[in-house]
Amino acid sequence: MSDTLNFFFLLIGNGVLIGLMYALIALGFVLVYKATDAINFAQGEFVMIAAIVVSAALQAYGAPLWLAILIGLGGMIAFGFGLERSVLRPLLGRPIVAVIMATIGLAAILRGVGPLAFGTGVRNLPLPISEDPIFLGPFFLTPVQLVGAGVSLLFLAAFGWFFMKSRQGIAMRAVANNQQVAMAMGIHVERYFALAWAMAGVVSALGGVIWGSMLGVDVQLALVGLKVFPVVILGGLDSIVGAIVGGLIVGIVENVAAGYIDPYVGGGTKDFAPYALMILALMIRPYGIFGKRTIERV
Amino acid sequence: MLNLNNIEVIYNNVVLVLRGVSLQVKEGSITTLLGANGAGKTTTLKAISGLLRAERGEVTKGSVELAGQRIDGKPAHEIVNQGVVQVFEGRRVFDQLTVEENLIAGAHTQRDMGKVRQRTEAVYSYFPRLRERRSQLAGYLSGGEQQMLVIGRALMSDPKVILLDEPSLGLAPLVVEEIFGRLKRLQQEERLTVLLVEQNANLALGLADHGYVMENGRIVLEGPAASLRDNSDVKEFYLGISEHGARKSYREVKHYRRRKRWLS
Ligand SMILES: Nc1ncnc2c1ncn2[C@@H]1O[C@H](COP(=O)(O)OP(=O)(O)OP(=O)(O)O)[C@@H](O)[C@H]1O
Ligand SMILES: [Mg+2]
């Protein structure tokens, strides 16, 4: 195969791996939106906080990796529950803007508090994964990307199963579909709201470990959250499959665009290409590729 | 089985909607609650099922008792757990879920998976059309099928009492007949207790054992269904038949209704 073709496939392969990792984070956003209709502008900050907690547990307190990850997971679950109870539940029934503003405020607070509590330096979050690149001809993939993508895929599948097959998942979709009727069925609606936020916490903890190990841990890590928006707009705000597809599209597009355009413009393509695509998508399919359209019988 | 003792309901701390409603639903009976638009029928059902709260409504006086135990003030999920389930008017299926998923969601209070399967089979045997459509999105069912689904979904919790709000609304007579037939069977075979809110008094009094008529947040008339059917006021208002045996036009009845009050 020629080098140029090789280069193209490598960009795509890389994009797929990165895309799955975006999808995992976007899943946190989708879970919350699906169940509670809240738009969480702090998803990236959730990831950052989780990564800070895990790396602090590892380095400052010398915890073994498995324990640090457990602490991160437990901490983020508690955080999700606590947040729902203290901030979001009182906002129930208020205009959607109130919730949006609350999450934007929360994002700012987390960006301030994280470094305050754990220091401002860039920490690393080393995983026991070989750093040796895997060569494919003249190009290479890093093992941590492969592992990150694998873990993401695993959890995306697990959450997908939960929603499609488990009784709790079906109840959660029922809540998302019609709160009042769900309540009439004896479904404890607030409990499912809390569960959705806790699940966003779980996803953020995993995302924090994966992204933190690749990018290093500091406030900048919250920026991965920015990629959530093109992903969910492309895939549909409330669709798990959509999050995966949207993630893959964003991952591939930004990699391919960066691979071909960056050499001429000196970089930065990755940051805007997904947004350009998002705006295009909004013009064509406002509810996303897999987003729900309200069913109207004729 | 179900007792409402002189209940008063207020929305938003100001709007008084029920002004002392008392009614009884005997175990294993079908009781119907009739009344014009805005009389307070739906509010009465919500006062029983605990769903008032979500709408900032409150039972401010009186009590609701299920088998002698007070249930007013309890949250909706506890009331479902105790065996009372409300079916909203207007066929509110979970339109994004399949028929079977709707049923599973209805069985949320059931702990035992075997029981869920058994209830699903029971619902499918009462409404075979739902079995045929089990993996279809509920939003695409016909109106009659949706009404069967919301009733079936409520039955999934294995209720003692089902509160049905205007199940005949907007359905073809044949479909309504089919659904009412199933209700009769459910009453006979499962000893289901039914509180049926209807605008279609003729149909409802044909099915029910006992009836209440409501106006302006009060019960104004009550009695065995058969005697209500013979009552001249009920005839005139709800069956559309005047003393002379002629059918009154809807507009005439509506006009008359504005002037006349039940007990005045
Ligand atoms: N959430 C609410 N807040 C304030 N007022 C309400 C609310 N729900 C109902 N009402 C008022 O209470 C009164 C009774 O309403 P309700 O829905 O119980 O009537 P209904 O007998 O079921 O009427 P219909 O036959 O039209 O369904 C109406 O005047 C209505 O405007
Ligand atoms: Mg009503």
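Quick notes
- For the stretch B:13-34, backbone nitrogen atoms closer than 17 Å to the point 7 Å from B:E55 Cα along Cα-to-C-beta are found at B:13-21, B:33-34.
- Ellipticity estimate at 222 nm from DSSP helix runs (n ≥ 4, -39,500 (n - 2.57)) divided over the protein assembly as shown, nearest 500: -17500 deg cm²/dmol
- Projected over every direction and averaged, the convex hull enclosing the alpha-carbon atoms of the stretch B:93-161 yields 4.2 nm².
- For chain A, the longest site-free run once GluC sites (Glu not before Pro) in DSSP loop states with at most 10 other Cβ atoms within 10 Å are removed: A:132-295
- Given charges at Cβ of Lys, Arg, Asp, Glu: the stretch A:156-293 dipole, positive-most of A:S239, A:F163, A:L221: A:F163
- Buried area at the B-A interface (accessible, heavy atoms, 1.4 Å probe, summed, Å²): 2500
- Value in Å of the Kirkwood radius, where the protein assembly as shown supplies the Cα pairs that are averaged: 26.6
- Those residues of the stretch B:24-57 whose amide nitrogen sits under 14 Å from the label point placed on B:V14, 7 Å along Cα→Cβ: none
- Inverse of mean 1/r across different Cα pairs in chain B, Kirkwood, Å: 19.0
- Accessible area per residue in Å² at 1.4 Å probe, computed on chain B: 44
- In the stretch A:44-186, the portion of solvent-accessible area held by carbon and sulfur atoms comes to 71 percent [1.4 Å probe, whole percent, DNA, RNA and ligands not counted].
- As a fraction of the 1.4 Å probe accessible area of chain B, surface on carbon and sulfur atoms comes out at 45 percent.
- Helical segments meeting 20 Å axial Cα length and Kyte-Doolittle -1.0 threshold in chain A (DSSP H): A:3-36, A:43-59, A:65-83, A:96-118, A:143-165, A:189-215, A:240-265, A:269-284
- Along its principal axes, chain A has C-alpha extents of 62, 57, 34 angstrom, given from the largest down.
- Sorting the Cα pairs of the stretch B:1-158 by distance into bins of 5 Å, from 0 upward, gives 2, 9, 16, 18, 18, 15, 12, 7, 2, 0 percent per bin.
- Among A:166-175, A:24-33, A:62-71, the peptide with the highest mean count of other Cβ atoms within 10 Å heads the list, and the full ranking is A:24-33, A:166-175, A:62-71.
- Divide the volume of the convex hull around the Cα atoms of the stretch A:8-134 by the residue count and you get 140 Å³ per residue.
- Cα-based radius of gyration of the stretch A:67-191 once divided by 2.2 N^0.38 Å, which approximates compact folds: 1.46
- For B:T32, neighbours were defined as the other residues whose beta-carbon sits under 12 Å from its Cβ, and their charges (Lys and Arg +1, Asp and Glu -1) total -3.
- Label-point gap, in nm, between A:S86 and B:R182 - each point 7 angstrom along Cα→Cβ: 4.8
- Counting only other chain Cβ atoms within 10 Å of each residue's Cβ, the peptide A:172-178 averages 6.
The values are calculated or read from the model by the stated rules, or taken from the named source; none is laboratory data. The structure displayed is predicted, hence computed values, not measured ones. Cβ coordinates were reconstructed from backbone atoms using ideal geometry, including for glycine residues, and neighbour counts include every protein chain displayed. To get the accessible areas, we keep the full protein, side chains included, count just its heavy atoms, and leave off ligands, DNA and RNA. Shrake-Rupley method; radii C 1.70, N 1.55, O 1.52, S 1.80 Å.
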